[in-house]
Amino acid sequence: MSSIQDRVIGIIAEQSGLEPSDVSLDSTPEDLGIDSLGLVESIFAIEEAFDIAVPFNANEPEKSEFDISSVRSIIAGIERLLAEQS
Amino acid sequence: MKRVVITGAGTINALGHDVPATLESMREGRCGIGELEFRDVERLSIRIGAQVKGYDPEVRFNRQQLALYDRFTQFTLIAAREAIGQAGLEFKGELAARAGVILGNSGGGMTTLDENYRSVYEEGKNRVHPFVVPKLMNNAAASHLSMEFNLKGPTFTVSTACASSNHAMAQAFQMVHGGITPVMVTGGSESMLCFGGVKAWEGLRVMSRDACRPFSANRNGMVQGEGAAIFVFEELERAKARGADILAEVVGFAMTSDASDIVMPSKQGAARAIEGALRDARVNRDEVGYINAHGTGTAANDKTECAAVADVFGPHADQLMISSTKSMHAHLIGATGAVELLACIMALRDGIIAPTIGYEEPDPECALDVVPNQAREARVEVALSNAFAFGGLNAVLALRRFA
């Protein structure tokens, strides 16, 4: 089974129509051409892939406990949710 | 062209089971939003909404009717009885042949759909009630309304998400204005507050978990409501000749499509609809005293709507009042424009502006007079009602005080 990082990058690459090699840890959703709807769809794909519930309200993304500012922060958020769940 | 007036209004929604109760709630700034009550609500992360409470369908309808009437049809008929009763019209002969019904609705019989999917998928049943289809179809409410009141003219349902009612009422206006029929019954109805209905909305991540606070800097999303509002649109000379009580005049409308994004609103699309309605109604900008905003309480809608109003009205934008009554009755989706038209009628007829309640923090991107938290008295000559739907479909109505 691939690492959390590889799986998240796979999901984000698919959403943005890029190759996984083009998605860096420092990329922001904006850099990758992911708009607000694409972001909501990515979060859904992440929830499905990891069987977790991600707290995210599109009206106040900056206030969300789940930091979506970069690929790195998204991965960190998922790791935390998985740790809390287990 | 014929002038068109409103001679009857009816409603049932979370603020009241008729027009007087609803207007009183709007004047008092009461909130109809509370904890949702229906099966499986514990599986939702969004558990608030503006449900019609204290309502017993069996008091209003008999068993045979209830077998055919989804909740959105029940709401329609209750509101229509009030509206047509107020208008004092009886449809027979020539009038019955020409008068029809145009309603806005988005979800159809969502509760019927939800219950029957549950029964075949979750409970594994292989038989459903014979009336599932006639009960859930989007035109069921319009059809039952036409049957109950003998309306035999143009009758159909318009479905444009959150703008459904405004599109429907604009179409009804046009039919009377153009002389096709002297009377139309119009408005909208919606009942999506069931497990599947709210679950679908939850997925979009735009719903608030605590309150609908339009224009407030700390707003965090929309809240769903349910109900109906129905109006009688009548040709002015006919209404005068029979001595009808005239609630307001409908003077124009406009519809536009953003042609850009399936969910994000567009300032240009909204502004073109507002400008178009003013042009159609031959109203000067500075005559507009009140706008009932679309004002959903989402981050995107409210700032876009305020920017559109500022663009269209220029300096007059700071003189007019704009409130979102969704803060009280929540978002009735396909029925929302109809319930919101009641606030426009109250502004024009009673000189009372319904407030935007739950307003806590000013947002520099919504720097208009949003009538925060308390109703206000003011004389208004012209009122607009905005509706900007998902899918980028906009419809704005213009009403004038009838004196």
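Every number here is computed from the coordinates shown, using simple stated rules; none is lab data. Predicted model only: the values in this text are computed from it and were never measured. When we count neighbours, we look across all protein chains shown, and the Cβ atoms used for this are built from the backbone with ideal geometry, even at glycine.
For the range B:46-176, just the Cα set please: Rg and Dmax, both in angstrom.
Cα radius of gyration and Dmax of the range B:46-176 are 16.2, 51 Å respectively.
Tell me, what does the Kirkwood hydrodynamic radius of the range B:4-241 come to in angstroms if you use every pair of distinct C-alpha atoms?
Values: mean 1/r = 0.0535 Å⁻¹.
Here the Kirkwood hydrodynamic radius works out to 18.7 Å.
If you filter the range B:360-403 for trypsin sites (Lys or Arg not before Pro), then keep DSSP loop positions with at most 12 other Cβ within 10 Å, what is left? Present the calculation step by step, with values, prior to reporting the outcome.
Numbers: sites: B:Arg376, B:Arg379, B:Arg400, B:Arg401; in loops: B:Arg379, B:Arg401.
Hits after loop and neighbour filter: B:Arg379.
Can you pull the three principal axis extents for the Cα set of the protein assembly as shown, in Å, largest first?
79, 62, 37
Given an 8 Å cut-off on Cα distances and at least 6 residues of separation, report the relative contact order of chain B as a percent.
Values: 1094 pairs, mean separation 96.1, N = 403.
About 24 percent, as a whole number.
If amide hydrogens are placed 1.01 Å from N in the peptide plane, which non-local residues have theirs closer than 5 Å to the one on B:Gln374?
B:Thr356
Please compute the Cα-Cα pair-distance distribution of the range A:15-77 with 10 Å bins starting at 0, giving whole percents from short to long.
With a bin width of 10 Å, the distribution comes to 21, 61, 18, 0.
Sorted by mean Cβ packing within 10 Å, highest first, what order do the peptides B:300-313, B:279-292, B:118-131 take? Spell out each step's value before the answer.
Details: B:300-313: 22.2, B:279-292: 19.7, B:118-131: 10.7.
Peptide ranking by packing, descending: B:300-313, B:279-292, B:118-131.
Can you list the residues, at least 5 places off or on another chain, whose amide H is less than 5 Å from the amide H of B:Val288, using H built in the peptide plane?
Under 5 Å from the amide H of B:Val288: no residue qualifies.
Most mobile of B:Thr356, B:Thr112, B:Thr11 per a Gaussian network model of chain B (Cα springs, under 10 Å)?
B:Thr112
What net charge is computed for the residues neighbouring B:Glu275, neighbours being all others with C-beta under 15 Å from the C-beta of B:Glu275, Lys and Arg scored +1, Asp and Glu -1?
Working: positive: B:Lys267, B:Arg272, B:Arg279, B:Arg282, B:Arg285; negative: B:Asp258, B:Asp280, B:Asp286, B:Glu287, B:Glu305, B:Asp311.
Overall, the nearby charge balance is -1.
Count the net charge of all other residues whose Cβ sits under 13 Å from the Cβ of B:Met321, scoring Lys and Arg as +1 and Asp and Glu as -1. Spell out each step's value before the answer.
On the way: positive: B:Arg376, B:Arg379; negative: B:Asp318, B:Asp369, B:Glu377, B:Glu381.
So the surrounding residues net to -2.
Just the Cα atoms of chain B: what Rg and Dmax do they give in Å?
My reading of the Cα-based Rg and Dmax gives 19.7, 63 Å.
What number in nm² do you get for the range B:315-403 if you take the convex hull of its Cα atoms and divide its surface by four? Numbers along the way, then the final one.
Numbers: hull surface 25.6 nm².
Its average projected convex-hull area is 6.4 nm².
For a test of the definition: using alpha carbon positions, the gyration tensor, and the 1.5 limit on a/c, classify the range B:1-90 as rounded, prolate or oblate. Please report the intermediate quantities before stating the final value.
Values: a/c = 2.40, a/b = 1.41, b/c = 1.70.
Oblate shape, in that a/c is at least 1.5 and b/c is the bigger or equal ratio.
So, counting K/R as plus one and D/E as minus one, what does the shell of residues with Cβ under 13 Å around B:Ala228 add up to?
On the way: positive: B:Arg60, B:Arg71, B:Arg81; negative: B:Asp18, B:Asp70, B:Glu82, B:Glu190, B:Glu226, B:Glu340.
Counting the neighbours of B:Ala228, the net charge comes to -3.
What average number of partner chain Cβ atoms lie no more than 10 Å from the Cβ of the residues making up B:197-208?
Values: counts 0, 0, 0, 0, 0, 0, 3, 4, 14, 5, 3, 3.
Averaged over the peptide's residues, the number is 3.
Could you state the orientation-averaged shadow area of the convex hull built on the Cα atoms of the range B:210-305, in nm² to one decimal? Intermediate values should be presented prior to the final figure.
Details: hull surface 34.9 nm².
If you wrap the Cα atoms of the range B:210-305 in a convex hull and average its projections, you get 8.7 nm².
Report the Stokes-Einstein translational diffusion coefficient (µm² s⁻¹, integer) for the range B:251-400, Rh taken as the Kirkwood radius over Cα pairs, at 10 °C with viscosity 1.306 mPa s. Don't skip to the end; give the middle numbers.
Numbers: Rh = 14.9 Å.
D, rounded to a whole number, is 107 µm²/s.
Quick one: Karplus J couplings for the range B:202-209, per residue in order, coefficients 6.51, -1.76, 1.60, θ = phi - 60°, nearest Hz, x for Gly and Pro?
With coefficients 6.51, -1.76 and 1.60, one gets 3, x, 6, 6, 10, 8, 8, 8 Hz.
Each residue of the range B:27-32 in turn: what ³J(HN,Hα) in whole Hz from Karplus with 6.51, -1.76, 1.60 and θ = phi - 60°, glycine and Pro shown as x?
Once θ is set to phi - 60°, the couplings for the range B:27-32 become 4, 7, x, 7, 9, x Hz.
Mind listing the phi-derived Karplus ³J(HN,Hα) values for the range B:380-396, rounded to whole Hz, using 6.51, -1.76 and 1.60 with θ = phi - 60°, and x for any glycine or proline?
Coupling constants for the range B:380-396: 10, 8, 10, 10, 10, 10, 8, 9, 10, 8, 3, x, x, 9, 10, 8, 10 Hz.
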